[in-house]
Amino acid sequence: MAKEKAPPFVRHDDVVKELLRKPGARKAYEERKEVHRVALAIRKMREDAGLTQKELATKIGTSQPVIARLERSGARRPNIRTLEKIAKAVNRGMTVRFESAGDASPVEVMLFSAGGREGK
């Protein structure tokens, strides 16, 4: 029996570059990257606070599977209320930053500080 030839090696970067040429793919890719960055931040804050997923879930009034989905970026972009609950549960402040594609300076609004006090 003849040995089959292995398929040619394809670099991951080349595959991504090719996929991003498809209409709408770049936008979807960028949105998923945003969700992934938020997921990593949630996990890091939870771990830094010494909480399990179940403990964080209890603190914010949800279930452990919801936290797991948020942390593995298997969910849609979390809404601001969910992020607010998580930030307060891990004793973090929360700031929203509005940026412009033009020359305008970014605007930041502190929603609350790490102690839970409302921002100004």
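The values are calculated or read from the model by the stated rules, or taken from the named source; none is laboratory data. Note that this is a predicted model, so its numbers are computed, not measured. Virtual Cβ from ideal backbone geometry, glycine too; neighbours counted across all protein chains shown.
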Would a scan of segment 103-117 turn up a residue that is touching a helix residue (DSSP H, G or I) at 6+ places or on another chain (Cβ under 8 Å), among the small types (Gly, Ala, Ser) and either surrounded by 10 or more Cβ atoms within 10 Å (Cβ to Cβ) or at pLDDT 90 or above (or both)? yes
Matching option when the condition is of a type in the set (Val, Ile, Thr), touching a strand residue (DSSP E or B) at 6+ places or on another chain (Cβ under 8 Å) and closer than 17 Å to Val38 by Cα, among Thr82, Thr95: Thr95
Here the qualifying pairs (Cβ atoms under 6 Å; residues six or more apart or on different chains; first in segment 102-113 and in contact (Cβ under 8 Å) with a residue 60 or more places away in the chain; second of a type in the set (Val, Ile, Thr) and surrounded by fewer than 10 Cβ atoms within 10 Å (Cβ to Cβ)) come out as none
Check whether at least one residue in segment 13-26 is of a type in the set (Gly, Ala, Ser), free of Cβ contacts under 8 Å to residues at least 60 places away in the same chain and under 28 Å from Arg81 (Cα atoms), and report yes or no. no
Flagged pairs (Cβ under 7 angstrom, 6 or more apart or on separate chains; first in segment 45-64, touching a residue at least 60 places away in the same chain (Cβ under 8 Å); second of a type in the set (D, E, K, R) and surrounded by 15 or more Cβ atoms within 10 Å (Cβ to Cβ)) are none
Residues of segment 73-102 being among the charged types (D, E, K, R), surrounded by fewer than 14 Cβ atoms within 10 Å (Cβ to Cβ) and under 15 Å from the mean Cα position of the chain (by Cα), which ones? Arg76, Arg81
Take the residues in segment 41-54 that are farther than 22 Å from Leu111 by Cα and surrounded by fewer than 15 Cβ atoms within 10 Å (Cβ to Cβ); name whichever of them is nearest to the chain's Cα centre (by Cα). Glu47
